[in-house]
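The values are calculated or read from the model by the stated rules, or taken from the named source; none is laboratory data. Because the structure is predicted, anything quoted here is derived from the model rather than measured. Because the Cβ atoms are built from the backbone with ideal geometry, glycine has one as well, and the counts that use them run over all protein chains shown. Each accessible area value is taken on the protein alone, full model and side chains, heavy atoms only, with ligands, DNA and RNA left out. Shrake-Rupley method; radii C 1.70, N 1.55, O 1.52, S 1.80 Å.
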Amino acid sequence: MALLEEPIKEARRLKNFIGGEWVESKGEIKDVVNPATCQTIAKVPVSTKDEIDAAVEAAKEAFPDWRATPPVARARCLFRLKELLEEHFEELSRIQTQEHGKTIDESRGETRRGIENVEVACGIPTLMMGYNAEDIASGIDEYVIRQPLGVFGIIGPFNFPFMIPLWSAPYAVATGNCVIIKPSSEVPLSQARLAELVDEAGFPPGVWNVVHGGRTVVNGMLDHPDIQGIAFVGSTPTARDVIYKRCGETGKRVIAQGGAANFIVIMPDANVRATIPALMTSFFGNTGQRCLSGQTLIVVGEDDGFYNNFMDAVVDTTSRIIIGNGLDESVQMGPLRDKEKREKIIGYIESGIQEGAKLRLDGRANIKIRGDYPDTCFLGPTILENVTPDMRIVREEIFGPTMGVMRVKNLDEAIEICNENPYHNADAIFTSDGKSAREFQYSVISGNVGINIGIVAPMAFFPFSGMAGSFYGILHTQGQEAVRFFTESKVVIQRWL
Ligand code: NAD
(Lines give C-alpha, C1' and ligand atoms only; values in the text may rest on other atoms or scores of the structure.)
Protein backbone atom coordinates (compact mmCIF):
# COMPACT_ATOMS: atom_id res chain seq x y z
CA MET A 1 0.00 0.00 0.00
CA ALA A 2 1.34 3.46 -0.90
CA LEU A 3 2.50 5.52 2.05
CA LEU A 4 -0.45 7.89 2.08
CA GLU A 5 -2.99 5.52 0.50
CA GLU A 6 -6.46 6.75 1.43
CA PRO A 7 -9.24 4.14 1.30
CA ILE A 8 -11.87 6.92 1.19
CA LYS A 9 -11.29 8.59 -2.17
CA GLU A 10 -14.54 10.41 -2.78
CA ALA A 11 -17.10 12.06 -0.54
CA ARG A 12 -20.08 9.74 -0.84
CA ARG A 13 -23.33 10.31 0.99
CA LEU A 14 -23.68 7.83 3.86
CA LYS A 15 -26.85 5.83 4.33
CA ASN A 16 -28.40 4.32 7.43
CA PHE A 17 -28.31 0.55 7.86
CA ILE A 18 -31.78 -0.50 8.97
CA GLY A 19 -33.23 -4.00 8.86
CA GLY A 20 -30.39 -5.24 6.66
CA GLU A 21 -30.94 -2.51 4.03
CA TRP A 22 -28.93 0.61 3.22
CA VAL A 23 -31.50 3.37 3.45
CA GLU A 24 -31.15 6.98 2.29
CA SER A 25 -31.96 9.44 5.09
CA LYS A 26 -34.37 12.34 4.58
CA GLY A 27 -32.42 14.40 7.12
CA GLU A 28 -30.15 17.35 6.54
CA ILE A 29 -26.64 16.50 5.29
CA LYS A 30 -23.34 17.52 6.96
CA ASP A 31 -19.78 17.34 5.67
CA VAL A 32 -17.23 15.02 7.28
CA VAL A 33 -13.82 16.67 6.93
CA ASN A 34 -10.39 15.04 7.20
CA PRO A 35 -8.67 17.31 9.77
CA ALA A 36 -5.20 16.80 8.26
CA THR A 37 -6.06 17.71 4.67
CA CYS A 38 -9.26 19.73 5.33
CA GLN A 39 -10.88 17.82 2.46
CA THR A 40 -14.47 16.64 2.68
CA ILE A 41 -14.43 12.85 2.77
CA ALA A 42 -18.13 12.07 3.28
CA LYS A 43 -21.60 13.51 3.64
CA VAL A 44 -23.39 12.32 6.77
CA PRO A 45 -27.13 12.60 7.35
CA VAL A 46 -28.69 14.05 10.48
CA SER A 47 -31.37 11.39 10.67
CA THR A 48 -34.93 12.13 11.72
CA LYS A 49 -37.15 10.76 14.48
CA ASP A 50 -39.03 8.61 11.94
CA GLU A 51 -35.75 7.01 10.92
CA ILE A 52 -34.73 6.07 14.45
CA ASP A 53 -38.26 4.74 14.99
CA ALA A 54 -37.92 2.62 11.83
CA ALA A 55 -34.64 1.19 13.14
CA VAL A 56 -36.21 0.31 16.50
CA GLU A 57 -39.06 -1.40 14.65
CA ALA A 58 -36.63 -3.45 12.53
CA ALA A 59 -34.57 -4.42 15.57
CA LYS A 60 -37.67 -5.37 17.53
CA GLU A 61 -38.86 -7.54 14.68
CA ALA A 62 -35.51 -9.32 14.44
CA PHE A 63 -35.28 -9.97 18.18
CA PRO A 64 -37.47 -13.11 18.71
CA ASP A 65 -35.63 -15.21 16.09
CA TRP A 66 -32.21 -13.91 17.04
CA ARG A 67 -32.86 -14.56 20.70
CA ALA A 68 -33.91 -18.12 19.86
CA THR A 69 -30.76 -18.68 17.77
CA PRO A 70 -28.46 -20.88 19.89
CA PRO A 71 -25.52 -18.94 21.38
CA VAL A 72 -23.06 -21.15 19.47
CA ALA A 73 -24.70 -20.12 16.20
CA ARG A 74 -24.69 -16.45 17.22
CA ALA A 75 -21.01 -16.84 18.07
CA ARG A 76 -20.35 -18.22 14.56
CA CYS A 77 -21.51 -14.88 13.09
CA LEU A 78 -19.01 -13.17 15.38
CA PHE A 79 -16.23 -15.57 14.33
CA ARG A 80 -16.95 -14.68 10.69
CA LEU A 81 -16.95 -10.99 11.57
CA LYS A 82 -13.60 -11.39 13.32
CA GLU A 83 -12.12 -12.96 10.15
CA LEU A 84 -13.47 -10.11 8.00
CA LEU A 85 -12.09 -7.50 10.40
CA GLU A 86 -8.64 -9.13 10.17
CA GLU A 87 -8.89 -9.20 6.38
CA HIS A 88 -9.76 -5.48 6.31
CA PHE A 89 -7.51 -4.50 9.22
CA GLU A 90 -5.38 -1.98 7.34
CA GLU A 91 -8.29 -0.46 5.44
CA LEU A 92 -10.29 0.03 8.66
CA SER A 93 -7.28 1.61 10.36
CA ARG A 94 -6.68 4.00 7.47
CA ILE A 95 -10.33 5.09 7.49
CA GLN A 96 -9.99 6.01 11.18
CA THR A 97 -6.94 8.14 10.44
CA GLN A 98 -8.74 9.85 7.58
CA GLU A 99 -11.85 10.66 9.59
CA HIS A 100 -10.21 11.43 12.94
CA GLY A 101 -6.62 12.50 12.23
CA LYS A 102 -4.82 10.10 14.60
CA THR A 103 -1.60 8.44 13.46
CA ILE A 104 -1.86 5.22 11.51
CA ASP A 105 -0.21 3.30 14.36
CA GLU A 106 -2.77 4.68 16.81
CA SER A 107 -5.52 3.60 14.41
CA ARG A 108 -4.01 0.11 14.13
CA GLY A 109 -4.03 -0.09 17.94
CA GLU A 110 -7.66 1.00 17.94
CA THR A 111 -8.64 -1.60 15.34
CA ARG A 112 -6.87 -4.31 17.34
CA ARG A 113 -8.64 -3.31 20.57
CA GLY A 114 -11.98 -3.33 18.76
CA ILE A 115 -11.38 -6.79 17.31
CA GLU A 116 -10.41 -8.11 20.75
CA ASN A 117 -13.93 -7.37 21.97
CA VAL A 118 -15.36 -9.41 19.10
CA GLU A 119 -12.99 -12.23 20.08
CA VAL A 120 -14.09 -12.14 23.72
CA ALA A 121 -17.77 -12.09 22.75
CA CYS A 122 -17.17 -15.26 20.67
CA GLY A 123 -17.00 -17.06 24.03
CA ILE A 124 -20.67 -16.30 24.70
CA PRO A 125 -21.82 -19.93 25.10
CA THR A 126 -19.80 -20.04 28.33
CA LEU A 127 -19.89 -16.36 29.26
CA MET A 128 -23.66 -16.37 29.32
CA MET A 129 -24.10 -19.39 31.59
CA GLY A 130 -26.14 -18.99 34.73
CA TYR A 131 -25.66 -20.83 38.03
CA ASN A 132 -27.64 -23.13 40.26
CA ALA A 133 -28.01 -24.59 43.74
CA GLU A 134 -29.60 -27.93 44.51
CA ASP A 135 -31.76 -28.45 47.60
CA ILE A 136 -32.16 -24.85 48.68
CA ALA A 137 -34.96 -26.43 50.72
CA SER A 138 -35.94 -30.03 50.84
CA GLY A 139 -36.49 -31.22 47.23
CA ILE A 140 -36.33 -27.68 45.85
CA ASP A 141 -33.70 -26.42 43.39
CA GLU A 142 -32.94 -22.88 42.34
CA TYR A 143 -31.12 -21.51 39.32
CA VAL A 144 -30.37 -18.35 37.39
CA ILE A 145 -30.67 -18.09 33.63
CA ARG A 146 -29.42 -15.08 31.70
CA GLN A 147 -31.79 -13.78 29.05
CA PRO A 148 -31.45 -10.98 26.50
CA LEU A 149 -33.80 -8.03 26.85
CA GLY A 150 -34.49 -6.80 23.30
CA VAL A 151 -33.23 -3.62 21.63
CA PHE A 152 -30.29 -1.51 22.86
CA GLY A 153 -28.97 1.86 21.73
CA ILE A 154 -25.21 2.35 21.47
CA ILE A 155 -23.92 5.93 21.26
CA GLY A 156 -20.29 6.71 20.48
CA PRO A 157 -17.91 9.69 20.92
CA PHE A 158 -15.62 11.18 18.28
CA ASN A 159 -12.25 10.11 19.65
CA PHE A 160 -12.32 6.31 19.02
CA PRO A 161 -14.76 5.97 16.12
CA PHE A 162 -14.19 2.28 15.41
CA MET A 163 -13.37 0.75 18.79
CA ILE A 164 -15.80 2.30 21.26
CA PRO A 165 -19.07 0.94 19.82
CA LEU A 166 -17.30 -2.45 19.90
CA TRP A 167 -16.95 -2.20 23.71
CA SER A 168 -20.69 -2.95 23.73
CA ALA A 169 -22.16 -4.15 20.43
CA PRO A 170 -20.48 -7.62 20.21
CA TYR A 171 -21.71 -8.51 23.73
CA ALA A 172 -25.18 -7.14 23.05
CA VAL A 173 -25.70 -9.25 19.93
CA ALA A 174 -23.85 -12.29 21.28
CA THR A 175 -26.29 -12.41 24.19
CA GLY A 176 -29.22 -12.32 21.75
CA ASN A 177 -30.16 -8.63 21.71
CA CYS A 178 -30.42 -6.35 18.67
CA VAL A 179 -28.58 -3.03 18.49
CA ILE A 180 -28.82 0.40 16.95
CA ILE A 181 -25.48 2.19 16.80
CA LYS A 182 -25.33 5.96 16.53
CA PRO A 183 -21.75 6.87 15.69
CA SER A 184 -20.45 10.37 16.35
CA SER A 185 -21.45 12.33 13.24
CA GLU A 186 -17.95 13.85 13.26
CA VAL A 187 -16.44 10.43 12.47
CA PRO A 188 -19.11 8.14 11.01
CA LEU A 189 -17.07 6.32 8.35
CA SER A 190 -15.53 3.40 10.21
CA GLN A 191 -18.91 2.42 11.70
CA ALA A 192 -20.42 2.55 8.19
CA ARG A 193 -17.67 0.22 6.91
CA LEU A 194 -18.02 -2.02 9.96
CA ALA A 195 -21.76 -2.41 9.27
CA GLU A 196 -20.96 -3.54 5.70
CA LEU A 197 -18.70 -6.25 7.16
CA VAL A 198 -21.35 -7.21 9.73
CA ASP A 199 -23.75 -7.68 6.82
CA GLU A 200 -21.18 -9.80 4.96
CA ALA A 201 -20.63 -11.90 8.10
CA GLY A 202 -24.24 -13.07 7.85
CA PHE A 203 -26.00 -11.48 10.82
CA PRO A 204 -29.75 -11.61 10.15
CA PRO A 205 -31.39 -8.32 9.06
CA GLY A 206 -32.30 -6.04 11.95
CA VAL A 207 -29.83 -7.46 14.47
CA TRP A 208 -27.21 -4.74 13.87
CA ASN A 209 -28.44 -1.31 12.71
CA VAL A 210 -26.67 2.01 12.24
CA VAL A 211 -28.46 5.35 12.29
CA HIS A 212 -26.34 8.44 11.71
CA GLY A 213 -27.10 11.78 13.25
CA GLY A 214 -27.10 13.79 16.45
CA ARG A 215 -29.45 14.76 19.25
CA THR A 216 -32.66 13.82 17.42
CA VAL A 217 -31.45 10.23 17.11
CA VAL A 218 -30.23 10.13 20.72
CA ASN A 219 -33.48 11.64 22.02
CA GLY A 220 -35.43 9.23 19.82
CA MET A 221 -33.60 6.36 21.51
CA LEU A 222 -34.07 7.78 25.01
CA ASP A 223 -37.80 8.33 24.48
CA HIS A 224 -38.55 5.06 22.74
CA PRO A 225 -40.38 2.56 24.95
CA ASP A 226 -38.98 -0.39 22.97
CA ILE A 227 -35.36 0.47 23.70
CA GLN A 228 -34.38 -1.42 26.83
CA GLY A 229 -31.09 0.27 27.55
CA ILE A 230 -28.33 2.58 26.38
CA ALA A 231 -24.57 2.10 26.31
CA PHE A 232 -23.10 5.58 25.98
CA VAL A 233 -19.54 6.91 25.87
CA GLY A 234 -18.89 10.65 25.58
CA SER A 235 -18.42 13.79 27.64
CA THR A 236 -19.61 14.12 31.23
CA PRO A 237 -22.32 16.74 30.59
CA THR A 238 -23.95 14.46 28.01
CA ALA A 239 -23.38 11.30 30.09
CA ARG A 240 -24.76 12.78 33.31
CA ASP A 241 -27.33 15.41 32.30
CA VAL A 242 -28.79 13.77 29.21
CA ILE A 243 -28.19 10.02 29.12
CA TYR A 244 -28.15 8.96 32.79
CA LYS A 245 -30.89 11.37 33.77
CA ARG A 246 -33.26 10.44 30.97
CA CYS A 247 -32.62 6.71 31.29
CA GLY A 248 -33.55 7.06 34.97
CA GLU A 249 -36.75 8.87 34.04
CA THR A 250 -37.75 6.32 31.40
CA GLY A 251 -36.62 3.22 33.31
CA LYS A 252 -33.87 2.08 30.96
CA ARG A 253 -30.70 0.37 32.08
CA VAL A 254 -27.66 2.46 31.32
CA ILE A 255 -23.93 2.61 30.99
CA ALA A 256 -22.83 6.26 30.74
CA GLN A 257 -19.07 6.72 30.49
CA GLY A 258 -18.00 10.34 30.74
CA GLY A 259 -14.97 12.61 30.54
CA ALA A 260 -11.67 12.74 32.38
CA ALA A 261 -8.89 14.98 33.70
CA ASN A 262 -6.29 12.39 34.70
CA PHE A 263 -3.20 12.62 36.90
CA ILE A 264 0.15 10.94 36.50
CA VAL A 265 2.19 10.84 39.72
CA ILE A 266 5.98 10.64 39.48
CA MET A 267 7.79 9.41 42.60
CA PRO A 268 11.45 10.39 43.05
CA ASP A 269 12.38 6.68 42.76
CA ALA A 270 10.71 6.28 39.32
CA ASN A 271 12.75 4.72 36.54
CA VAL A 272 13.19 7.90 34.48
CA ARG A 273 14.32 6.22 31.25
CA ALA A 274 11.25 4.02 31.07
CA THR A 275 8.90 6.74 32.30
CA ILE A 276 9.57 9.42 29.67
CA PRO A 277 8.33 7.41 26.62
CA ALA A 278 5.27 6.33 28.62
CA LEU A 279 4.50 9.99 29.35
CA MET A 280 4.77 10.89 25.66
CA THR A 281 2.03 8.45 24.68
CA SER A 282 -0.02 9.23 27.79
CA PHE A 283 -0.12 13.02 27.33
CA PHE A 284 0.30 13.44 23.58
CA GLY A 285 -0.87 10.14 22.04
CA ASN A 286 -4.09 10.48 20.02
CA THR A 287 -3.25 14.22 20.19
CA GLY A 288 -4.40 14.14 23.81
CA GLN A 289 -7.95 13.26 22.73
CA ARG A 290 -8.23 10.17 24.90
CA CYS A 291 -10.22 9.66 28.11
CA LEU A 292 -7.14 7.86 29.47
CA SER A 293 -4.68 10.66 28.60
CA GLY A 294 -2.61 12.22 31.34
CA GLN A 295 -3.59 15.85 31.85
CA THR A 296 -1.65 16.82 34.97
CA LEU A 297 1.76 15.53 35.99
CA ILE A 298 2.43 15.54 39.74
CA VAL A 299 6.10 15.32 40.59
CA VAL A 300 6.60 14.21 44.21
CA GLY A 301 9.54 15.30 46.41
CA GLU A 302 11.53 18.39 47.31
CA ASP A 303 14.69 17.51 45.40
CA ASP A 304 15.12 20.36 42.89
CA GLY A 305 17.86 18.45 41.08
CA PHE A 306 15.57 15.51 40.36
CA TYR A 307 12.74 17.79 39.25
CA ASN A 308 14.92 19.90 36.94
CA ASN A 309 16.61 16.93 35.29
CA PHE A 310 13.31 15.11 34.89
CA MET A 311 11.53 18.10 33.36
CA ASP A 312 14.46 18.88 31.05
CA ALA A 313 14.18 15.32 29.69
CA VAL A 314 10.38 15.60 29.35
CA VAL A 315 10.55 18.93 27.51
CA ASP A 316 13.38 17.79 25.25
CA THR A 317 11.55 14.60 24.20
CA THR A 318 8.25 16.41 23.77
CA SER A 319 9.75 19.11 21.57
CA ARG A 320 10.92 16.43 19.13
CA ILE A 321 7.46 14.93 18.48
CA ILE A 322 6.85 14.86 14.71
CA ILE A 323 3.49 16.38 13.73
CA GLY A 324 1.67 15.79 10.45
CA ASN A 325 -0.81 13.72 8.47
CA GLY A 326 -1.34 10.52 10.46
CA LEU A 327 -1.10 8.38 7.32
CA ASP A 328 2.59 9.26 7.09
CA GLU A 329 4.28 6.46 9.08
CA SER A 330 6.95 8.82 10.41
CA VAL A 331 4.40 11.12 12.03
CA GLN A 332 3.98 10.79 15.81
CA MET A 333 1.07 13.18 16.40
CA GLY A 334 -1.81 14.08 14.10
CA PRO A 335 -4.11 17.11 14.10
CA LEU A 336 -7.01 17.74 16.46
CA ARG A 337 -10.38 16.59 15.16
CA ASP A 338 -11.43 20.10 14.14
CA LYS A 339 -10.71 23.80 14.33
CA GLU A 340 -13.22 24.41 17.15
CA LYS A 341 -11.50 21.84 19.37
CA ARG A 342 -8.14 23.46 18.63
CA GLU A 343 -9.51 26.86 19.66
CA LYS A 344 -11.01 25.45 22.84
CA ILE A 345 -7.65 23.95 23.84
CA ILE A 346 -5.84 27.22 23.09
CA GLY A 347 -8.40 28.88 25.37
CA TYR A 348 -7.40 26.47 28.16
CA ILE A 349 -3.69 27.21 27.62
CA GLU A 350 -4.45 30.93 27.92
CA SER A 351 -6.55 30.43 31.05
CA GLY A 352 -3.68 28.45 32.62
CA ILE A 353 -1.26 31.29 31.94
CA GLN A 354 -3.72 33.85 33.33
CA GLU A 355 -4.14 31.78 36.48
CA GLY A 356 -0.39 31.75 37.07
CA ALA A 357 0.99 28.70 35.26
CA LYS A 358 4.39 29.09 33.58
CA LEU A 359 4.57 28.24 29.87
CA ARG A 360 7.52 25.89 29.37
CA LEU A 361 6.75 24.63 25.84
CA ASP A 362 4.32 26.50 23.61
CA GLY A 363 2.47 24.34 21.11
CA ARG A 364 0.71 27.34 19.63
CA ALA A 365 3.86 28.88 18.20
CA ASN A 366 5.82 27.83 15.11
CA ILE A 367 4.14 24.46 14.63
CA LYS A 368 6.32 22.41 12.30
CA ILE A 369 4.05 20.24 10.18
CA ARG A 370 5.70 17.47 8.17
CA GLY A 371 4.35 17.74 4.61
CA ASP A 372 2.27 20.38 2.94
CA TYR A 373 -0.97 20.58 4.94
CA PRO A 374 -3.12 23.48 6.14
CA ASP A 375 -2.44 24.27 9.80
CA THR A 376 -6.18 24.64 10.57
CA CYS A 377 -6.46 21.74 13.07
CA PHE A 378 -2.84 21.28 14.14
CA LEU A 379 -1.54 22.23 17.58
CA GLY A 380 1.87 21.37 18.99
CA PRO A 381 2.35 19.77 22.42
CA THR A 382 2.28 22.32 25.25
CA ILE A 383 3.80 22.11 28.74
CA LEU A 384 2.76 24.39 31.61
CA GLU A 385 4.57 24.35 34.96
CA ASN A 386 3.69 25.82 38.40
CA VAL A 387 0.19 24.47 38.03
CA THR A 388 -2.09 24.32 41.10
CA PRO A 389 -5.06 22.01 41.84
CA ASP A 390 -7.67 24.78 41.67
CA MET A 391 -6.79 25.90 38.12
CA ARG A 392 -9.27 25.25 35.31
CA ILE A 393 -6.56 23.37 33.39
CA VAL A 394 -6.52 20.82 36.24
CA ARG A 395 -10.19 20.66 37.18
CA GLU A 396 -11.76 20.71 33.70
CA GLU A 397 -11.21 18.29 30.85
CA ILE A 398 -8.93 19.85 28.20
CA PHE A 399 -8.83 16.89 25.78
CA GLY A 400 -5.77 18.05 23.88
CA PRO A 401 -1.96 17.74 23.73
CA THR A 402 -1.16 19.62 26.94
CA MET A 403 0.72 18.72 30.11
CA GLY A 404 0.23 20.70 33.31
CA VAL A 405 2.96 20.10 35.89
CA MET A 406 2.78 20.56 39.65
CA ARG A 407 5.09 19.67 42.53
CA VAL A 408 4.04 18.23 45.89
CA LYS A 409 5.94 17.17 49.01
CA ASN A 410 4.73 13.61 49.39
CA LEU A 411 2.50 10.86 48.05
CA ASP A 412 -0.36 11.63 50.45
CA GLU A 413 -0.59 15.13 49.05
CA ALA A 414 -0.57 13.76 45.48
CA ILE A 415 -3.39 11.31 46.25
CA GLU A 416 -5.43 14.04 47.92
CA ILE A 417 -5.17 16.20 44.79
CA CYS A 418 -6.24 13.28 42.58
CA ASN A 419 -9.19 12.53 44.84
CA GLU A 420 -10.43 16.11 45.05
CA ASN A 421 -10.71 16.42 41.26
CA PRO A 422 -14.24 16.09 39.85
CA TYR A 423 -13.15 13.39 37.39
CA HIS A 424 -11.95 9.92 38.34
CA ASN A 425 -11.26 8.00 35.17
CA ALA A 426 -7.61 6.92 35.00
CA ASP A 427 -4.73 7.90 37.28
CA ALA A 428 -1.25 6.40 37.32
CA ILE A 429 1.87 6.28 39.48
CA PHE A 430 5.46 5.76 38.35
CA THR A 431 7.65 4.34 41.10
CA SER A 432 10.06 1.51 41.89
CA ASP A 433 8.67 1.18 45.42
CA GLY A 434 5.96 -1.44 45.98
CA LYS A 435 4.67 0.27 49.12
CA SER A 436 4.00 3.56 47.30
CA ALA A 437 2.34 1.66 44.43
CA ARG A 438 0.15 -0.27 46.85
CA GLU A 439 -0.80 2.88 48.76
CA PHE A 440 -1.73 4.63 45.49
CA GLN A 441 -3.80 1.70 44.25
CA TYR A 442 -5.54 1.44 47.63
CA SER A 443 -6.40 5.10 48.17
CA VAL A 444 -6.84 6.78 44.81
CA ILE A 445 -10.42 7.29 43.61
CA SER A 446 -10.02 6.23 40.01
CA GLY A 447 -11.72 3.67 37.80
CA ASN A 448 -8.55 2.63 35.97
CA VAL A 449 -5.27 2.71 37.90
CA GLY A 450 -1.84 2.48 36.28
CA ILE A 451 1.33 1.37 38.04
CA ASN A 452 4.25 2.24 35.78
CA ILE A 453 1.72 2.30 32.91
CA GLY A 454 0.83 5.59 31.22
CA ILE A 455 -2.35 4.60 29.39
CA VAL A 456 -4.49 2.37 31.57
CA ALA A 457 -6.55 0.75 28.82
CA PRO A 458 -8.28 -2.37 30.15
CA MET A 459 -8.19 -5.42 27.88
CA ALA A 460 -11.49 -6.59 26.39
CA PHE A 461 -11.90 -9.31 29.05
CA PHE A 462 -11.79 -6.70 31.84
CA PRO A 463 -14.32 -3.91 32.40
CA PHE A 464 -13.50 -0.48 31.01
CA SER A 465 -13.97 1.22 34.32
CA GLY A 466 -14.46 4.79 35.50
CA MET A 467 -15.73 6.35 38.74
CA ALA A 468 -17.56 9.38 40.11
CA GLY A 469 -17.66 12.27 37.57
CA SER A 470 -16.30 10.00 34.84
CA PHE A 471 -18.94 7.29 35.02
CA TYR A 472 -22.67 6.99 35.63
CA GLY A 473 -24.11 3.54 36.11
CA ILE A 474 -23.07 0.28 37.77
CA LEU A 475 -21.89 -2.22 35.18
CA HIS A 476 -19.24 -1.19 32.66
CA THR A 477 -18.57 -1.95 29.01
CA GLN A 478 -16.40 -4.93 27.94
CA GLY A 479 -16.11 -8.52 29.13
CA GLN A 480 -18.23 -10.12 31.84
CA GLU A 481 -19.76 -6.83 32.97
CA ALA A 482 -21.06 -6.15 29.46
CA VAL A 483 -22.56 -9.65 29.35
CA ARG A 484 -24.35 -8.91 32.61
CA PHE A 485 -25.50 -5.50 31.39
CA PHE A 486 -27.04 -6.96 28.25
CA THR A 487 -28.85 -9.80 30.05
CA GLU A 488 -31.48 -10.11 32.73
CA SER A 489 -30.93 -12.64 35.50
CA LYS A 490 -34.07 -14.72 35.72
CA VAL A 491 -34.34 -16.81 38.87
CA VAL A 492 -36.20 -20.10 38.76
CA ILE A 493 -37.14 -22.06 41.88
CA GLN A 494 -38.55 -25.52 41.19
CA ARG A 495 -40.12 -28.40 43.02
CA TRP A 496 -41.44 -31.57 41.40
CA LEU A 497 -43.99 -33.45 43.43
P1 NAD B 1 -20.08 14.23 23.34
O2 NAD B 1 -20.67 14.02 24.68
O3 NAD B 1 -20.09 15.59 22.76
O4 NAD B 1 -20.82 13.29 22.26
C5 NAD B 1 -20.95 11.90 22.45
C6 NAD B 1 -22.18 11.42 21.70
O7 NAD B 1 -23.35 12.02 22.24
C8 NAD B 1 -22.15 11.79 20.21
O9 NAD B 1 -22.61 10.68 19.48
C10 NAD B 1 -23.07 12.99 20.11
O11 NAD B 1 -23.74 13.05 18.87
C12 NAD B 1 -24.06 12.77 21.25
N13 NAD B 1 -24.48 14.01 21.91
C14 NAD B 1 -23.70 15.07 22.22
N15 NAD B 1 -24.41 16.00 22.88
C16 NAD B 1 -25.66 15.52 23.00
C17 NAD B 1 -26.87 16.03 23.58
N18 NAD B 1 -26.91 17.20 24.20
N19 NAD B 1 -27.98 15.27 23.51
C20 NAD B 1 -27.94 14.07 22.91
N21 NAD B 1 -26.83 13.55 22.34
C22 NAD B 1 -25.71 14.25 22.38
O23 NAD B 1 -18.60 13.64 23.39
P24 NAD B 1 -17.48 13.72 22.25
O25 NAD B 1 -16.96 15.12 22.19
O26 NAD B 1 -17.95 13.08 21.01
O27 NAD B 1 -16.37 12.75 22.85
C28 NAD B 1 -15.35 13.17 23.70
C29 NAD B 1 -15.71 12.92 25.14
O30 NAD B 1 -15.89 11.53 25.36
C31 NAD B 1 -14.61 13.34 26.11
O32 NAD B 1 -15.21 13.97 27.21
C33 NAD B 1 -13.97 12.03 26.51
O34 NAD B 1 -13.34 12.03 27.77
C35 NAD B 1 -15.15 11.12 26.52
N36 NAD B 1 -14.74 9.72 26.39
C37 NAD B 1 -14.90 8.93 27.50
C38 NAD B 1 -14.49 7.62 27.46
C39 NAD B 1 -14.65 6.75 28.67
O40 NAD B 1 -14.46 5.55 28.55
N41 NAD B 1 -15.00 7.28 29.82
C42 NAD B 1 -13.95 7.10 26.29
C43 NAD B 1 -13.81 7.93 25.18
C44 NAD B 1 -14.22 9.26 25.25
Of the listed residues (V272, V265), the one being out of contact with any Asp or Glu (no Cβ under 6 Å at 6 or more places or on another chain), open to solvent by 20 Å² or more (accessible area, probe 1.4 Å), more than 11 Å from the ligand (Cβ to nearest atom) and under 24 Å from T382 (Cβ atoms) is V272
Of those in the range 308-345 that are open to solvent by less than 30 Å² (accessible area, probe 1.4 Å) and free of Cβ contacts under 8 Å to residues at least 60 places away in the same chain, the residue farthest from L297 (Cα to Cα) is I323
Only unsatisfied item for N219, checking (1) within 11 Å of the ligand (Cβ to nearest atom); (2) open to solvent by 10 Å² or more (accessible area, probe 1.4 Å); (3) in contact with an Asp or Glu (Cβ under 7 Å, 6 or more places away or on another chain), is (3)
Contact list, first residue from the range 19-36 and part of a strand (DSSP E or B), second anywhere and open to solvent by 60 Å² or more (accessible area, probe 1.4 Å), beta-carbon distance below 6 Å, six or more apart or interchain, is W22/K15; V23/K15; I29/K43
Residue count, the range 280-300, condition crowded, with 24+ Cβ neighbours inside 10 Å, of a type in the set (V, I, T) and farther than 24 Å from T388 by Cβ, comes to 1
- request: Could you tell me whether D303 is open to solvent by 10 Å² or more (accessible area, probe 1.4 Å) and more than 16 Å from T402 (Cα to Cα)?
  value: yes
The one condition D241 fails out of (1) within 9 Å of the ligand (Cβ to nearest atom); (2) open to solvent by less than 10 Å² (accessible area, probe 1.4 Å) is (2)
Of the residues in the range 464-484, those that are more than 17 Å from I445 (Cα to Cα) and open to solvent by less than 10 Å² (accessible area, probe 1.4 Å) come to T477, Q478, G479, A482, V483
Checked G479, G400, G434, G404 against criteria (within 16 Å of the ligand (Cβ to nearest atom) and either within 19 Å of M280 (Cα to Cα) or outside the structural domain of V120 (by TED's automatic domain parsing) (or both)); the one match is G400
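What number of residues in the range 318-351 are polar (S, T, N, Q) and closer than 23 Å to V408 by Cβ?
Summing the residues that are polar (S, T, N, Q) and closer than 23 Å to V408 by Cβ in the range 318-351 gives 2.
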Over the range 172-194, the set of residues away from the ligand (no atom under 16 Å from the Cβ), on the phi < 0 side of the Ramachandran plot and open to solvent by less than 10 Å² (accessible area, probe 1.4 Å) is A172, V173, A174, T175, N177, C178
Taking the range 195-213 and keeping only residues that are part of a loop (DSSP other than H, G, I, E, B) and either out of contact with any Pro (no Cβ under 7 Å at 6 or more places or on another chain) or more than 15 Å from the ligand (Cβ to nearest atom) (or both), one is left with G202, F203, P204, P205, G206, V207, V211
Restricting attention to the range 222-233, the residues that are buried (at least 22 other Cβ atoms within 10 Å of the Cβ) and more than 9 Å from the ligand (Cβ to nearest atom) number exactly 4
